[in-house]
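Undergrad: Dumping the structure here so I can ask a few things about it.
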Amino acid sequence: MKAGLTADTFARLLNCLDANQERAGEKYEDLRRLLIRFFEWRGSPFPEEQVDESLNRVARKLGEGIEIKNIGGYCYEVARLVLHETLKSPDRKHESLEAMNVEVAAAETGNEAEEKEMRLGCLDHCLDKLPESARDLIVEYYRESNGEHIERRKALAERLGLRREALANRVQRIRDKLEQCVSRCLRKKLAI
């Protein structure tokens, strides 16, 4: 059984983010929001729970005395692992994404609908800021086509002269830039 998160391990995580407690708290909240978006954008059924699990794992590693030089990158990699475990787990007890999307759509009212509209506006804005080749690539990569996305992506990789893994890495870098841009855009809109 894994040890739970303790005050000491959480303090180590905060200290790894910044020596100043106030700034560390702000950085923790920023990191948490970014990771929530990471899970949301990848179709995670329970993003906040998975973020908590990811950050708890990082804090436990720090509690074990592991030195982490790039805390943000390490948290991102742990989040990718948690997502992979969640989506591949045969005995997961989560509802299907389709059922969850119906619930979310039914629950959207007032501020939630406005926030979604702001997100979409920011995404459009950020897509427009990308170079045309990057924008075309990410749109093509994520275009829906009734379960044929694997073959479509394989053909895209061949057309570009890339291995599928290299294509996925290139798209991930573009996606990371988009996520950062959308995050900045939302912060500006919410500050107004």
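Undergrad: Please report 64, 132, 179 as a ranked list, fewest other C-beta atoms within 10 angstrom at the top and most at the bottom.
TA: Ascending number of Cβ neighbours within 10 Å: 132, 64, 179.
Undergrad: May I ask you to derive the FRET efficiency for residue 164 and residue 26 from their Cβ-Cβ distance with R0 = 30 Å, giving the value to the nearest 0.05?
TA: Rounded to the nearest 0.05, the efficiency is 0.20.
Undergrad: I need the GluC sites (Glu not before Pro) found in the stretch 1-56, filtered to DSSP loop residues with at most 10 other beta carbons within 10 Å of theirs.
TA: Values: sites: 22, 26, 29, 40, 48, 49, 53; in loops: none.
Those that pass, being in a loop and sparsely packed, number zero.
Undergrad: Hey, another quick one. Taking other Cβ within 10 Å of each residue's Cβ, how do 142, 74 sort, fewest first?
TA: On the way: 142 11, 74 18.
Result, fewest neighbours first: 142, 74.
Undergrad: Right, something else. Taking 30 Å as R0, compute the FRET efficiency from the Cβ-Cβ separation of residue 188 and residue 135 and round it to 0.05. Don't jump to the answer; show the numbers that get you there.
TA: Numbers: r = 21 Å, r/R0 = 0.70.
Approximately 0.90, to the nearest 0.05.
Undergrad: Another question about this same structure. Compute the signed sum of charges (Lys and Arg +1, Asp and Glu -1) over the other residues within less than 14 Å, Cβ to Cβ, of residue 135.
TA: Result for the local shell: +1.
Undergrad: Taking the Cβ-Cβ separation of residue 41 and residue 70 as r and a Förster radius of 25 Å, what is the calculated FRET efficiency to the nearest 0.05?
TA: After rounding to 0.05, the efficiency reads 0.70.
Undergrad: On to the next question. Can you sort 163, 32 from fewest to most other Cβ atoms within 10 Å of each residue's own Cβ?
TA: 163, 32
Rule-based calculations on the coordinates, nothing more; no lab input. Owing to the predicted nature of the structure, the values given are computational and were not obtained by experimental measurement. All Cβ positions, glycine included, derive from the backbone under ideal geometry; neighbour counts span all protein chains shown.
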